[in-house]
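Novice: Got a structure here, written out as structure tokens. Questions coming.
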Amino acid sequence: MATEFPRFGLLPAELRLRIWHYAIRGSWTCITLERTRDNQDITVGTHPLKAIAHTCLEARQVLTEAHTYIEGIGWLNFSQTLYIMQNIPKGSVYWSRDYPYQQPPVGQVQHHHKLFDHIQHIVLTPNSRQELMVGLLGWLREIEPPLKSIICVQPWPLPDDREAYDSDRDWIGVEETWDPTFTNSPTELDLSTLKRAIEHGEETGDYRLAHGLSTDEYRARVGQLADRLPRSRPFGRRPGRNGYWVASVELGDLRALVQNFDSSPNLYLQTVGHIRGSSLGKNV
């Protein structure tokens, strides 16, 4: 700061601290962890504080007021940090020997860094229906992190506007697009609307995430679409083949798990397409 603005040191101390406050606490961090070839965990994503932390004593004072130092990772303001968990392979919640160079299993992350003792906002993106959110949330429920927001990224079908049952269109297939949210780094994602929804709540309308609906509205709508399926169904037409029915059941399971967290986190829904593109959070 002194190099770019030589007279910064002449400002009153209170004003300098206020400027450092905005510089350090004004932006969100979005990270994931990756395992290097020498078995070290490194953060990947937006991590703007590495240089600021060593600027001066005033900057460090402001930094330590809201940030927590995690050994091997660095300083994080967990109230403004999104931690993304993706590419979780089957059976890896506690341990996996076939997972050497990607994001480490969540059990290892907790063992090495105690990261889940602090995480408040988490994005869960399993790579298959076999690794559903329910398994990940069940593990998180056991260790009780102080979660305030849980963002579940999976194929949430877009509700249609029809009220009447259609014997053909109502039997939509269950989407299976379990692609990773990003390829190399969380910096590829457009998370602006998601961050605002966390800060201000999705009830304001502008920040609704589930196809332009709040989570409660989305649950009610897919429930209505699932309930209109006839009791007497055509041969071979099972509820599990209806995307709305599957979404309604899975969302019910997720909400039941989330409600059991002592920290009472908010549940948000995203699809890979939404969280990747500029249309994130808009009515599509």
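Novice: Of everything in region 1-20 that's loosely packed, with under 15 Cβ neighbours inside 10 Å and either under 24 Å from Ser192 (Cβ atoms) or small (Gly, Ala, Ser) (or both), which residue is modelled with the highest pLDDT?
Specialist: Ala13
Novice: Taking the options Leu254, Leu280, name whichever one is within 15 Å of the chain's Cα centre (by Cα), at pLDDT below 80 and among the aliphatic types (A, V, I, L, M).
Specialist: Within the list Leu254, Leu280, the selection yields Leu280.
Novice: Pull out all pairs, ordered by first then second residue, where Cβ-Cβ is under 6 Å, the residues are six or more apart or on different chains, the first lies in region 183-199 and is within 14 Å of Val123 (Cα to Cα), and the second is small (Gly, Ala, Ser) and surrounded by fewer than 13 Cβ atoms within 10 Å (Cβ to Cβ).
Specialist: Asp190/Ser278
Novice: If you don't mind, there's one more thing I want to ask. Within region 156-170, is there a residue that is of a type in the set (Lys, Arg), surrounded by 15 or more Cβ atoms within 10 Å (Cβ to Cβ) and over 14 Å from the mean Cα position of the chain (by Cα)?
Specialist: no
Novice: Please identify the pairs in which a residue from region 138-149 that is surrounded by 15 or more Cβ atoms within 10 Å (Cβ to Cβ) has its Cβ atom under 9 Å from the Cβ atom of a residue that is assigned to a helix (DSSP H, G or I) and hydroxyl-bearing (Ser, Thr, Tyr), counting only partners at least 6 apart or on another chain.
Specialist: Lys148/Ser79
Novice: Let me ask something else. Being exposed (fewer than 12 other Cβ atoms within 10 Å of the Cβ) and small (Gly, Ala, Ser) is the filter here; which residues of region 185-206 pass it?
Specialist: Gly205
Novice: Let me ask you something else. Hey, can you tell me all the residues within region 243-259 that are among the hydroxyl-bearing types (Ser, Thr, Tyr) and without any contact (Cβ under 8 Å) to a residue 60 or more places away in the chain?
Specialist: Passing the criteria: only Ser248.
The values are calculated or read from the model by the stated rules, or taken from the named source; none is laboratory data. Only a predicted model underlies this, so the values are computations on that prediction, with no experimental measurement involved. All Cβ positions, even for glycine, are placed from backbone atoms using ideal geometry, and neighbour counts span all protein chains on display.
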